[in-house]
Amino acid sequence: MRREVTAGLGLAALVFLGLQGLHQLLPVLVLAAILGMVFLMAQGRLAGGRPFALQASGGQGGMPPIGFEAIGGQEVAKRELMEALDFLRRSDEAAALGIRPLKGILLAGPPGTGKTLMARAAASYTQSVFLAASGSQFVEMYAGVGAQRIRQLFSQAKKQAKKEGRASAIIFIDELEVLGGKRGRHTSHLEYDQTLNELLVQMDGITPSEEVQVLVIGATNRPDLLDPALLRPGRFDRTVRVDLPDKEGRRHILAIHAQGKPLAADVDLDELARETYGFSGAHLESLLNEGAILAMRQGAREISARHLREAVDKVLLGEKLDRRPRETERRRVAYHEMGHALVSELGRPGSVSVVTLSPRGRALGYMRQTPEDDPYLYTKEELEHQIDVCLGGAAAEELVFASRSTGAVGDFEQAVDLALRMILAGMSSLGIVSRELVPDELLHQESHRILKRREARVRALLAEHREALEAAAQELLQEEKLSGDRIRQLLQAAPQPASR
Ligand code: ATP
C-alpha cells in the first residue's frame, strides 16, 4: 500500500515538474532514481536478493520432497534428528506436558555429507513447509537489509504454511557461520550484528501459541565460529553431527545412487566402499555419475568396474590433462610415486591399491592406499608409518636423481602435520605438552627431529630395495598404471635384501 502511495506521489511530482520545463526535469529524475534504489535496497530487493528456495509439496514446483530413506549412512544422525523432530510431530502432547517448542537444530559436519538432504527429509517427516536459504544471502553492504531479509524469510515461511494448510514450517539456513559468526569480528560488523540479532529476535519470538510452528535448521561445517548466543538453550540447542560416512555408510550411499544405473556384474560395491575412504556422500554420488559418463563416452551399455576405478581418480584429482609432461618429469614422477608405494607396502603389506602415472588436475601421478578399516585412533607406529610414506617420494628421487623437486611440497606439509599430531598426542620426547603453553620454536625443533629420523630410515629402506624400485618404476613408465597386486609381485620377485 505504502509503495503504491509513494509511486503515485512520485508520478504526480514528475508531471508537475514536467509542466515547468524539461531542462528542470533531468536532475529531478536522477534524484528520483537514486531514491527509488535506496527504497528497493531497504526492501532487500536489490543487492543479492535471491528468492528463498521452497521444497515442493503437493505437486508444486521447487525441490522435490525426499525422505530419510534416501540418505545413506548417517544412522546416528538420522536417529538423533528424528527424535528431536518427534516433538514437532507430537506437538499437542508436548504442549500438554509444558515442553517448550524446539526452535533450532544445528547440523554440523564437513561439506557434502547430506546436511541439506537431512533438513529436507525433516520437512517431509514432519509434514512441514520447507524454505531454504544460505547465510551468504543475508550478507549485504547496506545496513539493515540482512535483518529485513531475515524477517521476510520467517514471514514467507508462515504465509506459505498457512497457504498449504500446514501446522509447521522448517526454515533451513545453510552456511550458518556466515551470518551467525561471533559478533564484533567483522569489519562491517554493524550489519552482520544486526542480521544475527534479528535472527535471534525471530527465534525468540517462536511460541507454542503460534498458528504455524517454525523450526530453524542451521547447517555449518565450522560450529566453532558460531556466536555463543546462537547455541544458547532455547535457540540452536541441539547439535547433530553429520560426519563423513564410514565404510558401511559409503556402501549404503553407493547403493542408493546406483539405483537406476546399469552396473556390470564385475562391480563390487563393497570393494568400492573400501576404496573410497574419506569420500563424502557428494563425492560418492559424483563417482557413480562420472562412471556412467565414462561408460557412455565409450559406447558401453553397462557401467563396469573399470569405469568406476577411473571415476574414483577423476573425482579425487580432476579431469585427465591432455598436456603430456616432459620425459624427464615423467621419469622423476614414476620413481617418486613408486617411492611412496614401496614404503607403504613394506610398512603395511597389502596397503597399496594403485599407482598411476598420468597428469590429472594438479598431480602428475599418484599412489592410492586402501585403508584396512576406517580408523578412529592412530598409534605412534601408524603415524610414523604415514610419515614414512609421505617422505618416500622425495627419498626415491634423491636416491635415483641425487636431487629433489618441488613435487614433494605437499608431501612435506602432510608429514609436518603428522609429526605435530604425534607431539600433541604426547608421543614425542617432549612428553605430554599443552598446545597453548609449548612455544612454537620448541614444536618446530621437535617435529624437525622426528622428521629427520624418519627420513634417514626411509632412505635406508629404499636403498635396500633399490632393485624393486627400479623394476616397478620402469614398468610404471610403460604401463602408466600398476595395481597394488602387481607391485607386490615385483617386490617378491626382486632379490631380498640381507636381513637388517
Ligand atoms: P554443504 O555443507 O556443502 O552444503 P551438505 O552436507 O548440505 O553440503 P548435501 O547438499 O545434502 O550436502 O549433499 C549434496 C549431494 O550429495 C546430495 O544431493 C546427494 O546427492 C549427495 N549426498 C550427500 N550425502 C549423502 C547421503 N548421506 N546419502 C545419499 N546422498 C548423499
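The values are calculated or read from the model by the stated rules, or taken from the named source; none is laboratory data. As the structure is a computational prediction, the values presented were derived from the model and not from experiment. When we count neighbours, we look across all protein chains shown, and the Cβ atoms used for this are built from the backbone with ideal geometry, even at glycine. SASA here: full protein model, heavy atoms, side chains in, ligands and nucleic acids out. Shrake-Rupley method; radii C 1.70, N 1.55, O 1.52, S 1.80 Å.
Do we have any residue at all in the range 479-490 that's touching a helix residue (DSSP H, G or I) at 6+ places or on another chain (Cβ under 7 Å), over 22 Å from Gln369 (Cβ atoms) and in the same structural domain as Glu398 (by TED's automatic domain parsing)?
Within the range 479-490 (the criterion being touching a helix residue (DSSP H, G or I) at 6+ places or on another chain (Cβ under 7 Å), over 22 Å from Gln369 (Cβ atoms) and in the same structural domain as Glu398 (by TED's automatic domain parsing)), the answer is no, since none of the residues qualifies.
Which residues, taken from the range 312-338, are closer than 23 Å to Gly278 by Cα and in contact with a strand residue (DSSP E or B) (Cβ under 9 Å, 6 or more places away or on another chain)?
Val312, Asp313, Lys314, Leu316, Leu317, Gly318, Glu319, Lys320, Glu337, Met338
Being assigned to a helix (DSSP H, G or I), out of contact with any Ser or Thr (no Cβ under 6 Å at 6 or more places or on another chain), among the aliphatic types (A, V, I, L, M) and open to solvent by less than 30 Å² (accessible area, probe 1.4 Å) narrows it down to one residue among Ala95, Ala84; which is it?
Ala84
Give the range 213-245 a look and list any residue that's in a loop (DSSP other than H, G, I, E, B), surrounded by fewer than 17 Cβ atoms within 10 Å (Cβ to Cβ) and more than 11 Å from the ligand (Cβ to nearest atom), or say none.
Matches in the range 213-245: Arg232, Pro233, Gly234.
Identify all residues within the range 203-212 that are surrounded by 19 or more Cβ atoms within 10 Å (Cβ to Cβ) and assigned to a loop (DSSP other than H, G, I, E, B); write none if there are none.
Hit for the range 203-212 is Ile206, nothing else.
Among the residues of the range 128-147, which ones are in a loop (DSSP other than H, G, I, E, B) and either free of Cβ contacts under 8 Å to residues at least 40 places away in the same chain or under 26 Å from Asp243 (Cα atoms) (or both)?
Answer for the range 128-147, where residues must be in a loop (DSSP other than H, G, I, E, B) and either free of Cβ contacts under 8 Å to residues at least 40 places away in the same chain or under 26 Å from Asp243 (Cα atoms) (or both): just Ser128.
Quick test for you: out of Ile171, Ile71, Ile150, pick the one residue that is in contact (Cβ under 8 Å) with a residue 24 or more places away in the chain, of a type outside the set (D, E, K, R) and more than 26 Å from Glu211 (Cβ to Cβ).
Ile71
Any residue at all in the range 363-381 that's buried (at least 19 other Cβ atoms within 10 Å of the Cβ) and touching a Gly at 6+ places or on another chain (Cβ under 6 Å)?
no
When Leu200 is evaluated against the numbered criteria (1) touching a residue at least 60 places away in the same chain (Cβ under 8 Å); (2) open to solvent by less than 20 Å² (accessible area, probe 1.4 Å), which criterion, by number, is the only one it fails?
(1)
Among the residues of the range 308-339, write down those that are assigned to a helix (DSSP H, G or I), more than 30 Å from Asn289 (Cα to Cα) and out of contact with any Leu (no Cβ under 8 Å at 6 or more places or on another chain).
Glu327, Thr328, Arg332, His336
Pick from the range 264-288 the residues that are closer than 22 Å to Ala70 by Cβ and open to solvent by 70 Å² or more (accessible area, probe 1.4 Å): which of them is nearest to the ligand (Cβ to nearest atom)?
That would be Glu285.
Kindly list, by first and then second residue, each pair from a residue in the range 231-253 that is closer than 25 Å to Leu288 by Cα to a residue that is away from the ligand (no atom under 11 Å from the Cβ) and part of a loop (DSSP other than H, G, I, E, B), limited to pairs with Cβ atoms under 8 Å and residues at least 6 apart or on different chains.
Leu244/Gly278; Asp246/Asp374; Lys247/Tyr277; Lys247/Asp373; Lys247/Asp374; Arg250/Thr276
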